[in-house]
Amino acid sequence: MESVEDRLKALILSKYKSIREFTNSIDMPYSTFDSILKRGIANSNITNVLRISNALGIDTEKLADGEIVFKQESVQTIAAHKDSEWTQDELMKIEEYKKLLLAARPNKGEDQL
């Protein structure tokens with residue numbers, strides 16, 4: 001069975017070009033992260049585990065237990081009041097803007113659209 005560290009590494013490589021790119025994005029030395037992978041998540045500093053899990057959107061407690069479980073994102077509803085109907089062109093621009101915002105998220109999942 002694949003270790004949680006192996007699964008974590010695979011998850012990171014699915015979202016980033018390299019482990020080094022990921023460690024740079026969370027402001028963690030590559031050598032620190034490499035040690036975490038070798039020693040195990042359970043033996044790591046909690047601050048580092050929090051950095052990793054927050055950047056990937058995964059549950060910290062589950063990660064410490066050897067599982068990779070994505071956090072449920074809270075959904076915020078915003079009511080937009082309008083005085084007139086949206087044109088087809090305006091609706092297309094809204095969809096494009098929505099895709100742009102979603103693409104900027106760290107997990108960049110298409111399932112969010």
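Here are the numbers for this structure:
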quantity: Every residue from the stretch 1-14 that is outside any loop (DSSP other than H, G, I, E, B) and either without any contact (Cβ under 8 Å) to a residue 60 or more places away in the chain or farther than 15 Å from Leu63 by Cβ (or both); calculated: Glu5, Asp6, Lys9, Ala10, Leu11, Ile12, Leu13, Ser14
quantity: Selection from the stretch 41-62 of residues that are under 14 Å from the mean Cα position of the chain (by Cα), small (Gly, Ala, Ser) and assigned to a helix (DSSP H, G or I); calculated: Ser53, Ala55
quantity: Where Thr47 falls short, out of the listed (1) surrounded by 13 or more Cβ atoms within 10 Å (Cβ to Cβ); (2) at negative phi; calculated: (1)
quantity: Enumeration of residues in the stretch 1-18 that are more than 12 Å from Ile68 (Cβ to Cβ) and loosely packed, with under 12 Cβ neighbours inside 10 Å; calculated: Met1, Lys17, Ser18
quantity: Positions within the stretch 53-91 being among the small types (Gly, Ala, Ser), out of contact with any strand residue (DSSP E or B) (no Cβ under 8 Å at 6 or more places or on another chain) and either at pLDDT 80 or above or surrounded by 13 or more Cβ atoms within 10 Å (Cβ to Cβ) (or both), in sequence order; calculated: Ser53, Ala55, Ala64, Gly66
quantity: Residues satisfying the stated conditions in the stretch 24-40, i.e. under 21 Å from Phe70 (Cβ atoms) and either assigned to a helix (DSSP H, G or I) or modelled with pLDDT under 90 (or both); calculated: Ser25, Phe33, Ile36, Leu37
quantity: Residue check for Glu21: modelled with pLDDT under 90, out of contact with any Pro (no Cβ under 9 Å at 6 or more places or on another chain) and exposed (fewer than 15 other Cβ atoms within 10 Å of the Cβ); calculated: no
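The values are calculated or read from the model by the stated rules, or taken from the named source; none is laboratory data. Given the structure is predicted, the values throughout are model-derived calculations rather than measurements. Glycine gets a Cβ as well: all are built from the backbone with ideal geometry, and neighbour counts include every protein chain shown.
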